[in-house]
1. With θ set to phi - 60° and the Karplus curve 6.51 cos²θ - 1.76 cosθ + 1.60, what are the ³J(HN,Hα) couplings of the range 192-201 in order, to the nearest whole Hz, using x for Gly and Pro?
2. Work out how far the C-alpha atoms of the range 154-246 reach from end to end along every principal axis, then list the three figures in whole Å, largest first.
3. With all protein chains present, calculate the accessible area of LEU217 using a 1.4 Å probe and round the result to the nearest 10 Å².
4. Determine ³J(HN,Hα), in whole Hz, for all residues of the range 162-177 in sequence, where each value follows from phi through the Karplus function 6.51 cos²θ - 1.76 cosθ + 1.60 and θ = phi - 60°; x replaces Gly and Pro.
5. Could you sort ARG71, ARG153, ARG227 by their accessible area in this structure, using a 1.4 Å probe and putting the largest first?
6. Please list, ordered by chain and number, the residues whose modelled amide H lies under 5 Å from the amide H of CYS182; skip anything fewer than 5 residues away on the same chain.
7. Output ³J(HN,Hα) for the range 155-160: one whole-Hz value per residue in order, computed from phi by the Karplus curve 6.51 cos²θ - 1.76 cosθ + 1.60 with θ = phi - 60°, and x for Gly and Pro.
8. Going by a ≥ b ≥ c, the root eigenvalues of the Cα gyration tensor, does the range 110-196 fall in the rounded group (a/c under 1.5), the prolate group (a/b larger than b/c) or the oblate group?
Amino acid sequence: MAVLPVPLPSAKMATVEKRRPTVIPPTGFTDSGRPSVSQAAVATESEEDFLRQVGVTEMLRAALLKVLEARPEEPIAFLAHYFENMGLRSPVNGGAGEPPGQLLLQQQRLGRALWHLRLAHHSQRAAFNNNVTVAYECLSAGGRRKRPGLDGRTYSELLRRICRDGRAPDEVVAPLLRKVQCRDHEAVPLSVFRAGTLTCFVLLEFVARAAALFQLLQEPAAAVADRRVGQAVLDTLEGALRASDAAAPARFLEAGSRLGPDSLALALDRAVGGRRPGAPMTRAEFLERAAALFIAKVKPVG
């Protein structure tokens with residue numbers, strides 16, 4: 001018996017088959033009668049669980065919260081720097097048993113703590129306090145030869161780094177550091193750490209404002225100011241600080257900002273008309289004396 005040839009599908013039939021919608025097979029059922037989960041759903045769920053278990057989900061959430069707190073001008077660069085510093089949380093150092101390795105580890109922790117402290121301005125109280133806590137925990141982490149906790153040596157080094165990076169003259173910040181530093185082997189609680197770091201940041205801003213004020217007072221052809229004018233401004237600033245009963249360092253900036261143009265103009269008129277011109281006042285002298293007024297209001301540690 002001859003076998004009949006099977007007709008081949010025409011081009012039109014092939015086009016129709018391509019246009020026909022793909023039918024998704026229904027969900028299967030297990031022997032117990034429960035619907036089985038598709039492999040794609042299982043893969044998606046396992047990926048989410050993996051990201052959650054390894055901490056990526058929480059890390060990304062924390063990074064986005066930092067962006068919202070700091071609101072940087074360049075968020076992408078901010079995130080890149082953030083994740084770069086995340087690697088310093090628990091650095092692995094092959095020579096951790098040797099002093100050079102411990103020194104490198106300490107410098108890494110100091111750098112990361114400073115980075116966290118600069119994420120938000122001290123006027124953003126909630127964000128700044130949160131960053132202070134993170135920085136404190138970073139410096140308090142234990143190691144092979146270090147017990148958990150922050151000692152006075154690391155705390156004092158951090159304060160010096162804050163003032164040095166703020167480009168304040170050493171003779172200006174040295175009296176403040178003597179007030180807020182701790183002994184090398186003294187345990188530093190979080191409250192002292194927060195007060196010391198906040199005071200240093202406020203002093204840097206106070207000195208910056210004083211420098212801007214001196215720039216307005218100095219003579220155009222020289223980098224000095226009339227001593228009568230400089231002394232009058234310092235006297236007015238001292239009166240504003242004395243009138244402020246608040247002990248918080250941030251309030252000292254508020255007291256300084258209350259120096260209105262009328263009070264300054266009156267003080268300058270009295271100074272110019274009541275005294276003879278003396279030796280000019282330099283910028284270094286003006287900043288040192290202005291900072292001394294601020295530091296006199298700061299309470300020493302302990």
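The values are calculated or read from the model by the stated rules, or taken from the named source; none is laboratory data. Nothing here was measured: the structure is a model prediction, and the numbers come from that model. Please note that ligands, DNA and RNA were not included when accessible areas were found on the heavy atoms of the full protein model with its side chains. Shrake-Rupley method; radii C 1.70, N 1.55, O 1.52, S 1.80 Å.
1. 5, 4, 5, 5, x, 5, 4, 4, 5, 5
2. So the three principal-axis extents are 50, 31, 16 Å.
3. The value for LEU217 is about 40 Å².
4. 4, 5, 5, 5, x, 6, 8, x, 4, 5, 7, 8, 4, x, 5, 4
5. Numbers: ARG71 180, ARG153 130, ARG227 70 Å².
Order by accessible area, largest first: ARG71, ARG153, ARG227.
6. It is SER156, by chain and number.
7. Listing the rounded values in order: 4, 5, 5, 5, 4, 5 Hz.
8. On the way: a/c = 1.73, a/b = 1.13, b/c = 1.53.
Here the range 110-196 falls in the oblate category.
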